[in-house]
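Taking it in order: structure first as structure tokens, then the write-up.
The values are calculated or read from the model by the stated rules, or taken from the named source; none is laboratory data. On a predicted model such as this, the values are computed, not experimentally measured, just so you know. Ideal geometry is used to build each Cβ from the backbone, glycine not excepted, and the neighbour counts take in all protein chains shown. SASA here: full protein model, heavy atoms, side chains in, ligands and nucleic acids out. Shrake-Rupley method; radii C 1.70, N 1.55, O 1.52, S 1.80 Å.
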Amino acid sequence: MDGDGAEGVSFPLSADGRRSTSALGRAVVADALRPVDPAGALGAEQDPNWRSGYLVHFRRLVEAGLVSKAAALSVARDGLGSLHARMRVGWPAGAETGLDAVLSAPVLASFATLSVPGSGERETELSLPYRGERLRGGALARQLETWVSGGIIEPSCAEAVSEVAAHPEWLRLPDKTVIALGAGAEVGPLEVLLRWGARVAAVDLPSPPVWERVLHLARQGAGELLVPVNPEATAALHPGASDEAIARQAGLNLVRGVPDAADWLAALNGQLVLGNYVYADGGANVAACAAADALTVRLQAARSDVALAFLATPTDVFAVPPDAVACSVRAYAARSRAAKLAGGPLRAASRGQLLRRAYLPGADPGISDTLVPQQGPNYALAKRLQRWRATVAREAGTTVSLNVAPPTRTRSVTKNRVLAAAYSGAHWFGAEVFEPATTRTLMAALLVHDLQASGPAQAHPWQDEAYAAAHGGLWRIAYAPRSALGLAALLGYPATRH
């Protein structure tokens, strides 16, 4: 990514005068590894082709943290520290500073709050949209059991969702204000929370089409949507103003206005839950997530009651419990005769790259490496930043909700032909790809659980990340997911041709 130092959060200039995302990625990963894995840090620094070589280094970040809880915290703290030290911020007058300057910078633009109430009937029980039905009560319980027995979700995920179903009074999140950074995100919780009657503060770019869709969801819901609007335009937004008129005045650019966003959010009522659902393509994703992380630090300094929420991508590297390893080992041993006959030649022809077993028997914990090369190093870094922030915040005593979401047919995934085909063929290998509506509700239920019920205390950060994971089966299938990706895409391609 090249840039000319435009206003807002951006990448640092390299020696050749470019703003290189690869140089930033190498440096941050190396800095995170250096105290606990010097050899790994050197390997990251000297990788000649980061865009393809990043896979091994992001796996090493997880492996290095498994040595101890202190090692995992070191990786997270040093990774975040490196990002804040290296990322830059361009200001309106043309000056450029480090990212941490936004933590104390003055507010440049203020925002008024417009409350948009819903007119729908509040949903008073948990129901999950799934394959054309709404599952509730016994049907929901049976589906959760089916997913657990099929290895699609972790048992702790089913337990958490069942507890929410048993406490429908939790759904409206009384006395809380959930902040949705990236309010228009396809699998974000905004729509579901509003149906449940919650109060949601929406943060997204000043884009009328985005805000018209968000406002439409708010009107259909039963909660309260808080919208940042230009204070000079509030007089024109009379009580009967159309959503089109509101949408033209709504929104804020987080990448350009961290102090402005923090000032607006800090003044809101209720306990704040800062949910990070931002997404952009390429290097812009790292810039947006860096801005969101700076906002997190600034808002926590202004308010002592800020909880944090994230959705972890399933296409990353995770340490997984021995039960998941044993399930995968059994699946590998039980594969069909045809699969066994075909597997040997395929592995030989691909020099061990195709249809590799996922884990060595007895691994505790195992390493599920589900990074997808097509998503690239910027996506991996942006999502890893969120996991690091969750680890550091949880250690400091902050309430944190970070749950692994299932693979989902979102627009950002299906516009990539290889990923779309792989998702269509994933069921041949025991994985399940979810529809966005199912993912939205499932993950919103897990968010409610994390905020309303105290989960079990975990000894290590990897166990916090593995708790209640809804990975779609990727942790428990017979093969290392990336070794089956190409074949899944081949099998799924006919379904994506049209």
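Quick one: ARG86 ticks every box in (1) within 21 Å of ALA301 (Cα to Cα); (2) modelled with pLDDT of 95 or more except a single one, so which number is it?
Going through (1) within 21 Å of ALA301 (Cα to Cα); (2) modelled with pLDDT of 95 or more one by one, ARG86 breaks only (1).
Test TYR359 against the stated conditions and say whether it is open to solvent by less than 40 Å² (accessible area, probe 1.4 Å) and aromatic (Phe, Trp, Tyr). Show your work before the answer.
Values: open to solvent by less than 40 Å² (accessible area, probe 1.4 Å): yes; aromatic (Phe, Trp, Tyr): yes.
Considered against the rule, which asks whether it is open to solvent by less than 40 Å² (accessible area, probe 1.4 Å) and aromatic (Phe, Trp, Tyr), TYR359 comes out as yes.
Has the range 272-281 got any residue that is of a type in the set (Asp, Glu), open to solvent by 10 Å² or more (accessible area, probe 1.4 Å) and closer than 16 Å to ALA202 by Cβ? So that I can check it myself, show each step before the final result.
Here is the first cut: in the range 272-281, the residues of a type in the set (Asp, Glu) are 281.
Narrowing further to those that are open to solvent by 10 Å² or more (accessible area, probe 1.4 Å): 281.
Subsequent filtering for residues that are closer than 16 Å to ALA202 by Cβ retains none.
No, the range 272-281 contains no residue that is of a type in the set (Asp, Glu), open to solvent by 10 Å² or more (accessible area, probe 1.4 Å) and closer than 16 Å to ALA202 by Cβ.
Take the conditions part of a helix (DSSP H, G or I), farther than 30 Å from GLU125 by Cβ and among the small types (Gly, Ala, Ser) and apply them to ALA241. Does it pass?
The answer is no for ALA241.
Condition test on TYR332, is it aromatic (Phe, Trp, Tyr), in a loop (DSSP other than H, G, I, E, B) and under 30 Å from VAL56 (Cβ atoms)? Please lay out each step first, then the result.
Working: aromatic (Phe, Trp, Tyr): yes; in a loop (DSSP other than H, G, I, E, B): no; under 30 Å from VAL56 (Cβ atoms): yes.
The answer is no for TYR332.
For the list (1) hydroxyl-bearing (Ser, Thr, Tyr); (2) open to solvent by 20 Å² or more (accessible area, probe 1.4 Å); (3) more than 30 Å from ASP305 (Cβ to Cβ); (4) more than 16 Å from the chain's Cα centre (by Cα), I need the number of the one condition that SER483 fails.
(2)
Would a scan of the range 342-354 turn up a residue that is in contact (Cβ under 8 Å) with a residue 24 or more places away in the chain, farther than 19 Å from LEU491 by Cβ, open to solvent by 10 Å² or more (accessible area, probe 1.4 Å) and polar (S, T, N, Q)?
No, that holds for no residue.
Keeping to the range 400-421, report how many residues are under 23 Å from ALA319 (Cα atoms) and among the aliphatic types (A, V, I, L, M). Steps first, please.
So the first thing to find is which residues in the range 400-421 are under 23 Å from ALA319 (Cα atoms), and the list is 400-408.
Those still in the list that are among the aliphatic types (A, V, I, L, M) too: 400, 402, 404-405.
Here the count works out to 4.
Filter the range 452-498 down to residues that are assigned to a loop (DSSP other than H, G, I, E, B), in contact (Cβ under 8 Å) with a residue 24 or more places away in the chain and among the aliphatic types (A, V, I, L, M), then give me how many there are.
Residues meeting the conditions: 9.
Could you list, in sequence order, all residues of the range 417-451 that are under 13 Å from ALA495 (Cβ atoms) and either assigned to a loop (DSSP other than H, G, I, E, B) or not aliphatic (A, V, I, L, M) (or both)?
ARG417, TYR423, SER424, GLY425, HIS427, TRP428, VAL433
Counting only residues that are farther than 30 Å from GLN249 by Cβ and of a type in the set (Ser, Thr, Tyr), give me the strands (runs of 3 or more DSSP E) lying completely in the range 112-168 with at least 1 of them.
Details: elements: 112-117, 128-130, 133-135.
Those strands (runs of 3 or more DSSP E) span 128-130.
Go through the range 440-477 and count every residue that is more than 28 Å from THR398 (Cα to Cα), in contact with a Gly (Cβ under 7 Å, 6 or more places away or on another chain) and open to solvent by 10 Å² or more (accessible area, probe 1.4 Å).
So the answer is 2.
Any residue that is open to solvent by 60 Å² or more (accessible area, probe 1.4 Å) and among the acidic types (Asp, Glu) - is there at least one of those in the range 182-192?
So the first thing to find is which residues in the range 182-192 are open to solvent by 60 Å² or more (accessible area, probe 1.4 Å), and the list is none.
No, the range 182-192 has no match at all.
Quick one: is THR113 touching a helix residue (DSSP H, G or I) at 6+ places or on another chain (Cβ under 8 Å), hydroxyl-bearing (Ser, Thr, Tyr) and closer than 21 Å to ALA262 by Cα? Before the answer, list the steps.
On the way: touching a helix residue (DSSP H, G or I) at 6+ places or on another chain (Cβ under 8 Å): yes; hydroxyl-bearing (Ser, Thr, Tyr): yes; closer than 21 Å to ALA262 by Cα: yes.
Answer is yes for this residue.
Scanning for something assigned to a loop (DSSP other than H, G, I, E, B), over 30 Å from ALA141 (Cβ atoms), β-branched (Val, Ile, Thr) and over 14 Å from the mean Cα position of the chain (by Cα), does the range 393-403 turn up at least one residue?
Of all residues in the range 393-403, those assigned to a loop (DSSP other than H, G, I, E, B) come to 396-399.
If we keep only those that are over 30 Å from ALA141 (Cβ atoms) too, we end up with 396-398.
Those still in the list that are β-branched (Val, Ile, Thr) too: 398.
Restricting the remaining residues to those that are over 14 Å from the mean Cα position of the chain (by Cα) gives 398.
Within the range 393-403, one or more residues are assigned to a loop (DSSP other than H, G, I, E, B), over 30 Å from ALA141 (Cβ atoms), β-branched (Val, Ile, Thr) and over 14 Å from the mean Cα position of the chain (by Cα).
Determine whether the range 205-219 contains at least one residue that is farther than 21 Å from ALA437 by Cβ and assigned to a strand (DSSP E or B).
The answer is no, given that none of the residues of the range 205-219 is farther than 21 Å from ALA437 by Cβ and assigned to a strand (DSSP E or B).
Can you report the number of residues in the range 13-42 which are surrounded by fewer than 18 Cβ atoms within 10 Å (Cβ to Cβ) and either at negative phi or touching a residue at least 60 places away in the same chain (Cβ under 8 Å) (or both)?
Of the range 13-42, the ones surrounded by fewer than 18 Cβ atoms within 10 Å (Cβ to Cβ) are 13-18, 35, 38-39, 42.
Filter once more, so that each one left must be either at negative phi or touching a residue at least 60 places away in the same chain (Cβ under 8 Å) (or both): 13-16, 18, 35, 38-39, 42.
Going through the range 13-42 one residue at a time, the tally reaches 9.
Of the residues that sit in the range 169-192 and are in a loop (DSSP other than H, G, I, E, B) and among the hydrophobic types (A, V, I, L, M, F, W, C), which one is nearest to ARG122 (Cα to Cα)?
Filtering the range 169-192 for residues that are in a loop (DSSP other than H, G, I, E, B) and among the hydrophobic types (A, V, I, L, M, F, W, C), the one nearest to ARG122 (Cα to Cα) comes out as LEU171.
ALA95 fails exactly one of the following numbered conditions: (1) surrounded by fewer than 19 Cβ atoms within 10 Å (Cβ to Cβ); (2) more than 30 Å from ALA6 (Cβ to Cβ). What is the number of that condition?
Looking at each condition in turn, ALA95 falls short on (2).
Filter the range 98-111 for residues that are assigned to a helix (DSSP H, G or I) and open to solvent by 40 Å² or more (accessible area, probe 1.4 Å) and give the result.
Quick first cut of the range 98-111, residues assigned to a helix (DSSP H, G or I) only: 99-103.
Correct list: ASP100, LEU103.
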